[in-house]
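I have placed the structure first, in the form of structure tokens, so that the comments after it can refer back to it.
Every number here is computed from the coordinates shown, using simple stated rules; none is lab data. This is a predicted model, so every value here is computed, not measured. Ideal geometry is used to build each Cβ from the backbone, glycine not excepted, and the neighbour counts take in all protein chains shown.
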Amino acid sequence: MFETNLDATYAWLGLAVVSVATAGVAAAFPASPPPDADGVAHTIDSVADGEYPATAEHGIAAERIRLTTGSVSLTGGTGTARAAFDAPRITPVIRPEARGESNATTDARLRRVLDGVPPDAAFDDPASFAAAAERARSIEARWTAAPERITVRRVHYGDVRVTLVG
């Protein structure tokens, strides 16, 4: 009545090993998906492709961001994601607190325009606005701390059309 069947013991031990292995594999999966670079790129494209001035924001769940004139890359604890833009090149606006280097940031006037100030209030003429945007596009893209939200603003000043992202 109290004797142990040897086959049952091995079956229980095998089941225990498989259960532990399955739990280990499941624990190795990330708890959440990688950052949504495609969603950020879609928001930027939807504003940049437009004919009229527009503004949009997109929330970011990432630790670091790398913004170039043609793509956005996001990285976090669950991986890295990159998405290319379909729209014409954008103008990255690097905030000083993101880099920590005052000489590697975008012109403060472009940051003011991105934050909602009309370009004619921040710049003397469309040529200086275009020159500041071109300088901002020439800054080498680096990984920076990601903000909670990214702002995209398409601005027209005279004949100059610029899409600011930051």
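Please give the net charge around E51, taking every other residue with its beta carbon less than 12 angstrom from that of E51, where Lys and Arg add +1 and Asp and Glu add -1. Summing Lys/Arg as +1 and Asp/Glu as -1 gives +1.
Overall dimensions of the range 35-140, expressed as equivalent-ellipsoid semi-axes from the Cα gyration tensor (√(5λ), whole Å, largest first), are 24, 17, 12. Sparsely packed loop sites in the range 103-162 (the chymotrypsin sites (Phe, Trp or Tyr not before Pro) outside DSSP H, G, I, E and B with at most 16 other Cβ atoms within 10 Å) comprise W143. Taken along the Cα-to-beta-carbon direction at a fixed 7 Å, the label points for A23 and A54 span 5.1 nm.
Applying 1/(1 + (r/R0)^6) with r as the Cβ-Cβ distance of D120 and T80 and R0 = 30 angstrom yields a FRET efficiency of 0.15.
For GluC sites (Glu not before Pro), the sites in the range 106-166 that DSSP calls loop and that have at most 11 other Cβ atoms within 10 Å are E140, E148.
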